[in-house]
Amino acid sequence: MSEIITLKLIESGFWLLLLSVCLLIFHKEVKRVLQSLSNFKLLGATFELRDTKESIKSYILLSETLIDLLSTNTPVESLKDLMSMNQIEKLGNFALQYTKEVSNNNWNEQLLRNITHLLIRFNRIQQAIDLSDILLANRPDFVDVLNLKALALMNSRIPSNMKNAENIFADLVERFPENSIFRFNLGLVKISLENYEDGLKLILRAIDNGHWYADQKMLLDPLLYKLRENKPNEFRALYDYLEEWKVNNNLPRNSTNISQ
């Protein structure tokens, strides 16, 4: 990152928001910096700090470390384990502010997608929807973000939102018929809306398309609760179908029968 860009960001106040997030997430490392300006260790490297200027540089390094992590294909689940609900909320606020401060032609879309995914994982549903809408306003046919928005709507459990999620997933399934993730999620939405017959057909097709490889705990999804409680025989048949598919593909069966 060039010194000119850094100075411009500092002047706009953008870095203050970013640093506040990073201070929360990397508070242990920053605490070491404040306690002793002689040196500190980050990711196995030792840094010598002798003055305030160097301390500020170390904060920027921490900020860039977080940005680098969120700008890659690093599994979101591994990042999720490092953060708290409060930190994720602040990260969501940072992302929304980022889209205002930075020209949309220069957005780091991987960063914004990862933050949206984290917001969904932490059930910060409205922030995730708002961020998805901003990204889609810039690129209406952004498939990854359409999927994320539908996930956020689905996980809100609000019927009107789930109908919107159903429409998005239905469009994605039509366009990408071999994508088991879109098909499985459409099945989940339909089951949540108590359209059990169509939902089951979609999930069975997702199994045939190998969705187990993407989600080995697929039948433990909370959105299958209604099927499990209201249609136990159908859920048992679904479980047996998956187990048979695994046997046919030389995969290990479940040691515990979750259909009981």
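The values are calculated or read from the model by the stated rules, or taken from the named source; none is laboratory data. Fair warning: this is a prediction, and the values are worked out from it, not measured in the lab. Reconstructed Cβ throughout: ideal geometry from the backbone, glycine too, with neighbour counts over all protein chains shown.
Here are some notes:
- Yes/no for Arg121 being under 26 Å from Phe235 (Cβ atoms), in contact with a Lys or Arg (Cβ under 7 Å, 6 or more places away or on another chain), surrounded by fewer than 20 Cβ atoms within 10 Å (Cβ to Cβ) and among the basic types (Lys, Arg): yes
- Tally of residues being part of a loop (DSSP other than H, G, I, E, B), in contact (Cβ under 8 Å) with a residue 12 or more places away in the chain and at negative phi across the range 208-232: 4
- For the range 132-181, a tally of residues being small (Gly, Ala, Ser) and within 27 Å of Asn108 (Cβ to Cβ) returns 6.
- Per the listing Ala137, Ala150, Ala128, the residue uniquely under 23 Å from Lys226 (Cα atoms) and either in contact with a Leu (Cβ under 8 Å, 6 or more places away or on another chain) or at pLDDT 95 or above (or both) is Ala150.
- Helices (runs of 4 or more DSSP H) enclosed by the range 98-207 - at least 2 residues per element that are closer than 30 Å to Lys246 by Cβ: 109-121, 143-155, 159-175, 180-192
- Residue check for Asn105: over 21 Å from Ile181 (Cα atoms) and surrounded by fewer than 19 Cβ atoms within 10 Å (Cβ to Cβ): yes
- For the range 155-184, residues that are hydroxyl-bearing (Ser, Thr, Tyr) and surrounded by 14 or more Cβ atoms within 10 Å (Cβ to Cβ) total 2.
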